[in-house]
Amino acid sequence: MNKKIVLVIVSAIVLVSLFGVGAIGLAQEDGPFGLGKLFQQDRSGKVIAEVNGEKINQVQLDRSKRMAEFQQSNQGTSDKKEPISEEKLLEQMIDYALVEQECRRLKISTTYETALAETREDFATIQKTAEGTGAEAASAKQTVAFFEEFAKGMDLTVDEYFQQYAADARRKSMDAIALKEWIDANAPQKSFEQYLSDLRDQANIQYYN
């Protein structure tokens with residue numbers, strides 16, 4: 001999508017983007033991209049927050065943090081990076097939950113099937129580009145290799161990863177875009193940020209230690 005949309009929800013909590021993936025990984029992990037066992041960790045699923053009754057667990061937060069760290073390492077700058085804040089990530093996850101709930105209420109939610117189809121289509125385009133030559137093809141090859149290693153680290157094929165994780169992440173992003181467009185059309189007096197703030201004020205948000 002090439003629409004310019006300013007969102008307060010940052011892409012760090014999306015499991016992984018299909019574009020702009022670099023080759024710098026997390027040094028402490030195995031594999032050329034540092035992703036060998038990225039998600040092979042505690043799966044106890046301890047609930048750390050609820051948003052209007054919908055649970056967010058520790059495993060989800062851990063995954064978000066690891067991906068945020070990986071994305072940060074790929075920003076291509078030597079400037080010192082700020083440590084990833086679990087508190088901020090949790091708040092962003094809460095924002096995503098609120099957006100999803102509001103999209104369901106307004107009946108503008110993106111379906112899983114649509115998100116999966118777009119994810120597969122994007123990756124097919126990258127694979128096709130990787131068959132060529134030059135800098136763009138080299139970057140595409142690198143992206144394909146990244147996804148292959150990423151999925152292998154989770155004991156999945158690339159398409160299984162798309163089905164189980166990436167499609168849902170894509171759906172969340174598409175829901176945020178859909179809500180922004182709905183606000184522009186139906187409540188133009190409010191910004192996306194103001195609308196989300198209102199949702200927070202009205203929500204029942206519980207935190208657990």
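The table that follows gives values for the structure above.
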quantity: Residue within the range 182-204 that is touching a residue at least 24 places away in the same chain (Cβ under 8 Å) and not in a helix (DSSP H, G or I) present; calculated: yes
quantity: Extreme residue, nearest to A167 (Cα to Cα), among residues of the range 129-141 that are buried (at least 17 other Cβ atoms within 10 Å of the Cβ) and not hydroxyl-bearing (S, T, Y); calculated: A140
quantity: Answer from E102, E87 - the residue that is at pLDDT 80 or above, buried (at least 17 other Cβ atoms within 10 Å of the Cβ) and assigned to a helix (DSSP H, G or I); calculated: E102
quantity: Residue within the range 57-73 that is of a type in the set (D, E) and at pLDDT below 80 present; calculated: yes
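Table: residues versus (1) in contact (Cβ under 8 Å) with a residue 12 or more places away in the chain; (2) buried (at least 16 other Cβ atoms within 10 Å of the Cβ); (3) in contact with a His (Cβ under 9 Å, 6 or more places away or on another chain).
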position	(1), (2), (3)
A145	yes, yes, no
G153	yes, yes, no
L156	no, yes, no
E160	no, no, no
Y165	yes, yes, no
K172	yes, yes, no
A176	yes, yes, no
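The values are calculated or read from the model by the stated rules, or taken from the named source; none is laboratory data. Here the structure is a predicted model, which is why all the values come from computation and not from measurement. Ideal geometry is used to build each Cβ from the backbone, glycine not excepted, and the neighbour counts take in all protein chains shown.
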